[in-house]
Amino acid sequence: MRPRLLRATVTRTVLLIWMLASASVTMGTAFAVSDPAELLRDPQQERRAEIIGQQLRCLVCQNESVEASDADLARDLRRIIRQRVVAGDSDQQVIDWMVARYGNFVRLRPPFNALTFLLWGAPVIALLVGFAAVLLARRRAPAAPEPLSDVERRRLAELMKS
């Protein structure tokens, strides 16, 4: 009876350790602002800074916002955003400053204009090209093979006998 109790206790302990480890790994990536000194004292300004940071791309990670990334460059960009918010810049002024410095690539959702037309239109263009290719492939029926010549029939008959 004792080994069963010991086994159950070890199983529960291992399960608890696994759950805590997985939760700490998951939660660590949820909050990129790892240094409380980064946070602004004014909650409204901090919220504005977070909203702005969620609209801007981490130039290192590229698929994460500045707020979600833990890269050093993202940390620097968060600091700049917060400095500009405290200085009294509007949300659009902060974003415009970042775009002027890093280009439209810094935006997670670049604006639709002549320069980004291919970026926005590429999925639609790819679907249209694929659809056209499928239609053309269906229309082209394979040609019927030519009948065998007498020489080819004799050679085939010889090969079949072997």
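The C-alpha radius of gyration of the range 27-162, expressed as a fraction of 2.2 N^0.38 Å, stands at 2.10.
Measure off, as a whole percent, the carbon and sulfur share of the 1.4 Å-probe accessible area of the range 30-162, all protein chains present. Carbon with sulfur: 60 percent of the solvent-accessible area.
The calculated FRET efficiency for the pair residue 61 and residue 41, based on their C-beta separation and a Förster distance of 25 Å, comes to about 0.35.
If the viscosity is 1.567 mPa s and the temperature 4 °C, what Stokes-Einstein diffusion coefficient in µm²/s follows for the range 117-162 when Rh is the Kirkwood radius over Cα pairs? The partial results should precede the final answer.
Details: Rh = 14.8 Å.
Using the Kirkwood radius from Cα pairs, D works out to 87 µm²/s.
With viscosity 1.002 mPa s and temperature 20 °C, the Kirkwood radius over alpha carbon pairs of the range 53-103 converts through Stokes-Einstein to a diffusion coefficient of 198 µm²/s.
The values are calculated or read from the model by the stated rules, or taken from the named source; none is laboratory data. Just so it is clear, the structure is predicted and the values come from calculations on it, not from any experiment. Note that each Cβ is placed from the backbone with ideal geometry, even for glycine, and that neighbours are counted across all protein chains shown. Only protein heavy atoms, including side chains, enter the accessible area calculation; ligands, DNA and RNA are left aside. Shrake-Rupley method; radii C 1.70, N 1.55, O 1.52, S 1.80 Å.
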